1. Looking at segment 87-116 only, could you name the residues that are surrounded by 10 or more Cβ atoms within 10 Å (Cβ to Cβ) and of a type in the set (Phe, Trp, Tyr)?
2. Could you please let me know if residue 108 is at pLDDT below 70 and either in contact with a strand residue (DSSP E or B) (Cβ under 7 Å, 6 or more places away or on another chain) or basic (Lys, Arg) (or both)?
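The values are calculated or read from the model by the stated rules, or taken from the named source; none is laboratory data. The model shown is predicted, which means the values in this text are computed figures rather than measured ones. So basically every Cβ, Gly included, is an ideal-geometry build from the backbone, and we count neighbours across all protein chains shown.
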Amino acid sequence: MPYVAVVFLSLGVGAVAYLVTIRAAEAEPVAAGFEPEDVGEPPSDVDGGAEGPADEPRPGYTYLEVAVVRGPTWRERLQGLVGTLVLVVVGMAGVAGALYLLGAAINRTIQAFVGQ
């Protein structure tokens with residue numbers, strides 16, 4: 001019975017968090033550090049030209065436009081694959097070593113308790 005209570009309690013907390021999140025999402029999002037009433041209109045000419053940029057941001061939002069010049073090369077992709085494989089192998093060896101040491105410690109404890 002206590003397990004069922006924990007399941008229903010967690011479902012209730014999840015439902016409340018979902019509803020609160022949905023209600024909060026209806027408000028107008030504001031960029032960090034800016035209040036909606038403090039933000040004026042963006043300037044019409046950012047770089048001194050007669051016309052502003054084609055994609056002007058909404059008031060209160062700042063962004064950095066990053067142009068992707070090229071994708072990763074095959075060498076970079078291969079390095080990423082090899083690096084991932086090395087990390088997986090080292091992680092597996094670390095977990096296997098930790099489990100071995102834990103088993104050895106438990107074995108020594110049981111042998112000491114039995115008296116061998």
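1. Scanning segment 87-116 gives a single hit, 100.
2. Here the answer is no, as residue 108 does not meet what is asked.
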